[in-house]
1. Using Cα pairs closer than 8 Å and at least 6 residues apart in sequence, work out the relative contact order for region 129-244, in percent.
2. With the chain treated as a Gaussian network of Cα nodes joined by springs under 10 Å, which of Ile280, Ile261, Ile218 yields the largest mean-square fluctuation?
3. If you filter region 47-144 for GluC sites (Glu not before Pro), then keep DSSP loop positions with at most 12 other Cβ within 10 Å, what is left?
4. What angle do you read, to the nearest 10 degrees and between 0 and 90, between the alpha-carbon axis of helix 3-14 and the longest principal axis of the chain?
5. Can you list residues whose amide H is under 5 Å from Val215's amide H, if they're 5+ apart or on another chain and H is modeled 1.01 Å from N?
6. Given the Cα atoms of region 1-56, and with Rh set as the inverse mean 1/r over their pairs in the Kirkwood sense, what is Rg to Rh to two decimals?
7. What distance in nm lies between label points placed 7 Å from Cα along the C-beta direction at Thr281 and Ile23?
8. Counting other Cβ atoms within 10 Å of each Cβ, which chymotrypsin sites (Phe, Trp or Tyr not before Pro) in region 90-173 have at most 14 and sit in a DSSP loop?
Amino acid sequence: MSSYLKYMLICYLSSIPGLPPGIKFEDAYISLLPIDKTKCPRIDNRVDIRFDVYTSENPTVGFRVRIGDDESLLKSRMNFKLPTIMMFHAFFEDATSVPNVVSVRQGFLQLGGYNLIFVHAPRLLAGPWYLTAVKNTRVLGQYAAGFIDYLVSRGLKLKRLHLIGLSLGAQTAGVCGHYIKAGRPARITGLDPAGPFFGKLPANLRLDETDADFVDVIHSDAGTFGYPAPQGHVDFWPNGGVNPQPGCTYRDVAERNPGMIFEKVFCSHWRSLQFFAESITKPYAFPAIQCKSWAHYENRHCNESNIVNMGLGTPPWTRGNYFLTTNPDPPFSQH
């Protein structure tokens, strides 16, 4: 079968709900076949990309909103007087049941006063098809930008919009911010933005500081699954920003959750989201010091008067690289 016919068949299968078949394993979504939306450009809002809205009036079950569907927007109870959070999930994940993603939703709902939009696209970011998922971040980001433009036309203020993404989701958030026609979002938080294959991509296809008025990044697995260099106005490097994070050695995970395969692999990568989730209700929990490098930080060769908080409480005027240490288990903050 030629490559063209192969992709035509996959495109056709991907238009049918439930095809190609996929399974969930340890909260990861694994698909039998890759769905490359750069070659199958039609987006089906039933199965490809979904926007689930949570508010204080519907805190447990997301209400699906579609581009151009004013009735669904009205029923979602979004209040454009409140700040809006849009969350992009990672490779292998979805936005409904992964504990780390759910913890972000619960944190903001506990805090109160937010519209929460979770972008749900597990088929496009399904494992083990990483290269296909990388390509799909462009399609997903551009489609999400169109959704935001629709919301802006109905009253959303970009100055109250905060995009958050983990791994591939962080790179997708950057693409989204770049392609919003109505302007730039107020903030993008990149949680250990995915590294492999993004280093050679142009800036419009990955996260950088031009994608929002303020871009803050938390690195926790830099050089392995995470991007190895600064990407924001401010970049935080907890515990040096590299693998293994405290509590993430193979032995640590085996003792804590002996049967969890994916946690052994992605523990350090996920730490960025866990740090941020903790900061939602404790915005002053992660004070970090500006410094030239982790080596300078360890040797106390930093200006210790220049301290800001990592996470939700980071001031939007912060610039540079900041370092801190964390605990190996929750609560991760040492303060």
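Just so it is clear, none of the values below were taken in a lab; they were calculated from the coordinates. The model shown is predicted, which means the values in this text are computed figures rather than measured ones. Don't worry about glycine lacking a Cβ; one is built from the backbone with ideal geometry, like all the others, and counts go over all protein chains shown.
1. On the way: 252 pairs, mean separation 25.8, N = 116.
Normalised by residue count, the contact order of region 129-244 is 22 percent.
2. Ranking Ile280, Ile261, Ile218 by mean-square fluctuation puts Ile261 first.
3. On the way: sites: Glu57, Glu71, Glu93; in loops: Glu57, Glu93.
Listed in order of number, the matching sites are Glu57.
4. Helix 3-14 and the main axis of the chain meet at about 90 degrees.
5. Correct list: Ile188, His233, Val234.
6. 1.06
7. 3.6
8. none
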